[in-house]
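Peer 1: Sending over a structure as structure tokens; questions will come in a sec.
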Amino acid sequence: MPASSSLASSSLDLIGRTPLIALSRIYSGPGRVVAKAEFLQPGGSIKDRAAKAILQAALGDGRLRPGMPVVEMTSGNMGAGLAVACAALGHPLVVTMSAGNSPARARMLEGLGAEVILVDQVDGAPGQVTGADVQAAARMAQDLAAERGGFYVNQFHAVECIRAHEQGTGKEILEQLGYAPQAWTAAVGTGCTFMGVARALKAARPDTVCAAVEPEGCQALAGAPVTKARHLIQGTSYGAVPPHWDPSLMDISLAVKDEEVELWRHKLAVQEGLYVGYSAAANVCAAVKLLQSGRLPPDATVATVLCDTGLKY
Ligand SMILES: Cc1ncc(COP(=O)(O)O)c(C=O)c1O
């Protein structure tokens, strides 16, 4: 059969190169918000890029050998990305996940062939996962990796992901827009998305305003005391600064309230036809706040990401 240049050879080829969409129905200006449709990836989230980057790097340098089990702690999205990549590459996957994450995620992971181990919450609540909850799940993943002779992904310490967003997500925004946006907003889990894209955008336009999005009462990146560790933005803001955080890339932290996140999630669905998750809504809410703050020129473009699909909640 002749090879076709438009034929994807596996689900791995479906990761990245997401569309960039202008959100002109929920915000008509001045200025505009554009967003990467990361929820369209095969695992349903932005974390597919990180999963692919880590496994490819580990295969490249021999840390991951053919058929070896892959083990990771996840809030659900990294797990789904890993499950997609593991299926395509032929690795069994074991994930630990705080029981506070949405059950829809566990179902999707199991459907993709992963073994899912739910870990009791320490101080969070269903739908509100804290740093202590995540640490408990991470400890179990580390133990399991040792027990089973598996490759421990350790996403919070994997610098490949920052590069994947710099050379992927960030570069794509610049190419799709045709110019460098004046600002960038993103919620922070490992921080790979925020930092990678910020690096690419600041390289193109050094005065790009890069704003981290944090829940009100849980603004660790802003250096504020954490008074409300429980919040709606699953997958982000665990009340501590992530290990590889580069503070020079963050110009400001923008606070969003749970009620605002709910409101913008609803607006994205009913006005744009985009059924996305909470961090996507928080990112868009913060982008509009930034445009309305007067900090940017009136005709500024703010780029952001729609991190995952609403079907995961
Ligand atoms: C829904 C969601 N949004 C945002 C993020 C943050 O991405 P990053 O880890 O690149 O900071 C995550 C991370 O898991 C996530 O699950």
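The values are calculated or read from the model by the stated rules, or taken from the named source; none is laboratory data. Every value quoted in this text rests on a predicted model; they were computed, and no experiment measured them. Neighbour counts are summed over all protein chains in view; Cβ atoms, including those assigned to glycine, are modelled from backbone coordinates with ideal geometry. SASA here: full protein model, heavy atoms, side chains in, ligands and nucleic acids out. Shrake-Rupley method; radii C 1.70, N 1.55, O 1.52, S 1.80 Å.
Peer 1: With a 1.4 Å probe and all protein chains left in place, how much accessible area per residue does the chain have, in Å²?
Peer 2: Ligands and nucleic acids excluded, the result is 40 Å² per residue.
Peer 1: Take the alpha carbon atoms of the stretch 30-101, find their center, do the same for the stretch 218-293, and report the distance between the two centers in whole angstrom.
Peer 2: 22 Å
Peer 1: Can you tell me which aspartates and glutamates have their Cα less than 16 Å from the Cα of residue 171? Leave out same-chain residues fewer than eight positions away.
Peer 2: 38, 160
Peer 1: Tell me what the chain gives for mean residue ellipticity at 222 nm when only DSSP H runs of n ≥ 4 count, each as -39,500 (n - 2.57), the sum divided by the residue total, rounded to 500 deg cm²/dmol.
Peer 2: Mean residue ellipticity, 222 nm, calculated: -11000 deg cm²/dmol.
Peer 1: Could you list which residues have their amide H under 5 Å from that of residue 96, counting only those 5 or more apart in sequence or on another chain, with H placed in the peptide plane?
Peer 2: 72, 73, 74, 117
Peer 1: Let me ask something else about it. Give me the percent of DSSP beta bridges within the stretch 47-157 that run antiparallel, rounded to the nearest 5.
Peer 2: 10 percent
Peer 1: Sticking with this one: Calculate, in nm to one decimal, what residue 143 and residue 26 gain on full extension: separation in residues at 0.36 nm each, minus their alpha carbon distance.
Peer 2: 37.5 nm
Peer 1: List the pairs from 36/312; 52/257; 202/267; 267/312; 257/312; 52/289 whose alpha-carbon separation is above 28 Å, in the order I gave them.
Peer 2: Those over the limit are 52/257; 202/267; 52/289.
Peer 1: Only loop residues by DSSP count here, and only those with at most 14 other Cβ atoms within 10 Å; note down the trypsin sites (Lys or Arg not before Pro) in the stretch 185-256 that meet that.
Peer 2: Counting only loop positions with at most 14 other Cβ atoms within 10 Å, the trypsin sites (Lys or Arg not before Pro) in the stretch 185-256 are 228.
Peer 1: Expressed as a whole percentage, what fraction of the accessible surface of the stretch 168-231 belongs to carbon and sulfur atoms when a 1.4 Å probe is rolled over the protein heavy atoms?
Peer 2: 51 percent
Peer 1: Please report, as a whole percent, how much of the solvent-accessible surface of the stretch 47-157 comes from carbon and sulfur atoms (probe radius 1.4 Å).
Peer 2: That share works out to 53 percent.
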